[in-house]
Structure formats: structure tokens, C-alpha cells
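Here's the structure, in C-alpha cells; my notes come after.
The values are calculated or read from the model by the stated rules, or taken from the named source; none is laboratory data. Keep in mind that what you see is a predicted model, and the values were worked out from it rather than measured. Here Cβ is always computed from backbone atoms with ideal geometry, including for glycine, and neighbour counts include all displayed protein chains.
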Amino acid sequence: MVRSKQLREGACMTAGLEDLTAHNPGLLGYPLAGRELGRGKDAYAYEFGPELVYRRAPFSIPSGFEESLAIAHVQEHARREIEAYATLPPNTSVARTLVAWVAGNCVHKIIERAEGAPLHNRSEGRVAIHDLKGEWEARVEKVAQIPQAHFDTLVWSDTELRNRTIFMDYLGIDNLFYDDTSGFTIIDAEYSPQLPLKGAGMYVSLIDTESLDTLIPRESNWEGRISSTSRDHVVTILEKLACAGHKPGKSKYAPRFMKLCQQLAYSPDYLTDQK
Ligand SMILES: Nc1ncnc2c1ncn2[C@@H]1O[C@H](COP(=O)(O)OP(=O)(O)O)[C@@H](O)[C@H]1O
Ligand SMILES: [Mg+2]
């Protein structure tokens, strides 16, 4: 994982911002120098040097709220988010928020840049089913081949994040980057001390269950829908996750997960070993 020493030491938001704006006078205005890296529902992400990302996302002021109070609230939230990221162990596989500020009804952030590329791509979920099958089968094959050690670090990192009320959005299938050397990197995780834990589970991001649901309709079995090799790849991914400690069949995600296992004719050992 790439780090910027200078920014990490200046974990204080304002000091970090002064540093940044001194070296990048255009930062607070548009357009920014960096190449666009990606776009979410509302967010824009740009290159900010080789190791960092500049991300901008609008926020709305709830009706009836005093604007200055709402801005102060968003700013305080961002300050705590940076503090929470700063307490993570160094080898946590996440793109940390390093600096954040509020301007022009947007939250602006400087974030560590994830290495590699997203495991899955959100636009692929919308292609015709015939094309989707080949695409998706190639993607799960790649994921199934990822070494166990990278799965271990991913699941461990997710727990470290959750312990600090930072939640990965498992449904955003492009929120997990992968690089052969550095392994997985979680991006777009939400610092959310008030909200209850989000649903789903890590397995959703890794196997892209949205595409799988399109390929295997409800109440159907995998046979005749996906190849037996792909079925085995999905099972391998689930086994690697279980080995790393992610056992969705034992969690609140169980009903959805058990349905998937049934469709794949897969019974995880950790559920059948009744010791
Ligand atoms: N830290 C990062 N490293 C590399 N690319 C990123 C990073 N943050 C965002 N991006 C790119 O920008 C896209 C949108 O950013 P994201 O934070 O996921 O926004 P959203 O919340 O709208 O999904 C990502 O899918 C990714 O391609
Ligand atoms: Mg995202």
C-alpha cells in the first residue's frame, strides 16, 4: 500500500490542507490537474500525484438546518474519520483518508491511491446475459486464483475497519482493488459511528453476486446456468474466505448466503462439522 509520509504526519486536517494548497495552488478550484480516475454516483476521483487521489463529493444540507452548523458537522465528521483511519495498523489493506475539507457544498478529500484495478466493474453488470456469462466467469477465475494470504489480510483489514466503525460498501463491486504484489485494497469505505452495520458481506464483493443472480435465477440450480469450472471457482473463493475467518453462514447474512450455497450445491464445512 502506498503512503505519503508527509501527509500522514500532518494528520491534522487544516495543517495538511495548508501544505497541500501551498504546493498545489489550484486545489481548491476547478479544474484540477490530475487525470480522472473514476466516477461514482456523485463522487469524482482524480489522480493527485502518483500515490494519492483527490476525491470530491457533494453533500446536501438537510432542510431546516442552519448552513454553517451543517458544514461544521460535516467537517467534524471528516476530522474523526481521518483520526479513525490514522489509528489503523500500517498493513491494513485500505485507502486511508488523509486530508479532508468542506468547500462549495462538497467534501474534498485526499486519499491514498489503491494499487492495481477494481476486481469487478460496475458497468459490466448491465451487459447482455450472453456476454455477461463469459465476462463474469473470467473474473471469478481470476479471484479464485488469488493467494490465500491476500484473502487473510483482506478479512483481517475489514475487521480492523469495522472495529473503528469504518464500513466497506460490499455492494459496490468496484470498491475492491487488486494488485498481484500488494493484494487487495478497500476503497470508498464509510466512517459511520451512528449507523448500524451495513448488510451483505465480503463475499458479495468478491464473487459479484449481482451478476451471479442474473445468471442463476431464483429457485434455480447452478447446473446449465454456469459452467462447473465456474461453480468450483465460486466455491474456492468462499472456502478461501472461510479460511480467512469470514463465515457469512454464521452471521446475520446467513439467509441470503445459505440460499446461494443451496444454488451451488455447496455445504461449508464450518456449518456441517457440528462439534
Ligand atoms: N483511493 C482510490 N484509489 C484508486 N481509485 C479510486 C480511489 N478512490 C476512488 N477511485 C476511483 O473512483 C471511483 C469512484 O470513487 P468511489 O470513492 O468509489 O465513489 P462512490 O462512492 O461514488 O462509489 C472508484 O470506483 C475508483 O475507480
Ligand atoms: Mg465506490
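Can you tell me which of Asp169, Asp174, Asp188 is within 16 Å of ligand 1 (Cβ to nearest atom), in contact with a helix residue (DSSP H, G or I) (Cβ under 6 Å, 6 or more places away or on another chain), part of a loop (DSSP other than H, G, I, E, B) and not small (Gly, Ala, Ser)?
Going through Asp169, Asp174, Asp188 in turn, the sole match is Asp174.
Restricting to region 191-203, name every residue that is at pLDDT 90 or above and either touching a helix residue (DSSP H, G or I) at 6+ places or on another chain (Cβ under 8 Å) or away from ligand 2 (no atom under 16 Å from the Cβ) (or both).
The answer is Tyr191, Met202, Tyr203.
Restricting attention to region 70-93, does a residue exist that is over 24 Å from Ser182 (Cβ atoms), within 16 Å of ligand 1 (Cβ to nearest atom) and charged (D, E, K, R)?
no
So which residues in region 191-210 are part of a loop (DSSP other than H, G, I, E, B) and either crowded, with 19+ Cβ neighbours inside 10 Å or within 16 Å of ligand 1 (Cβ to nearest atom) (or both), if there are any at all?
Within region 191-210, Ser192, Leu195, Lys198, Ala200, Gly201, Asp208 meet the criteria.
Among the numbered conditions (1) farther than 30 Å from Glu51 by Cβ; (2) in contact with a Pro (Cβ under 8 Å, 6 or more places away or on another chain), tell me where Arg231 comes up short.
(2)
Kindly indicate the residue of region 247-275 that is exposed (fewer than 11 other Cβ atoms within 10 Å of the Cβ) and modelled with pLDDT of 85 or more and also farthest from Met202 (Cα to Cα) among those meeting that condition.
Asp269
Is there a residue in region 110-133 that is assigned to a helix (DSSP H, G or I), more than 20 Å from Tyr170 (Cβ to Cβ) and free of Cβ contacts under 8 Å to residues at least 12 places away in the same chain?
yes
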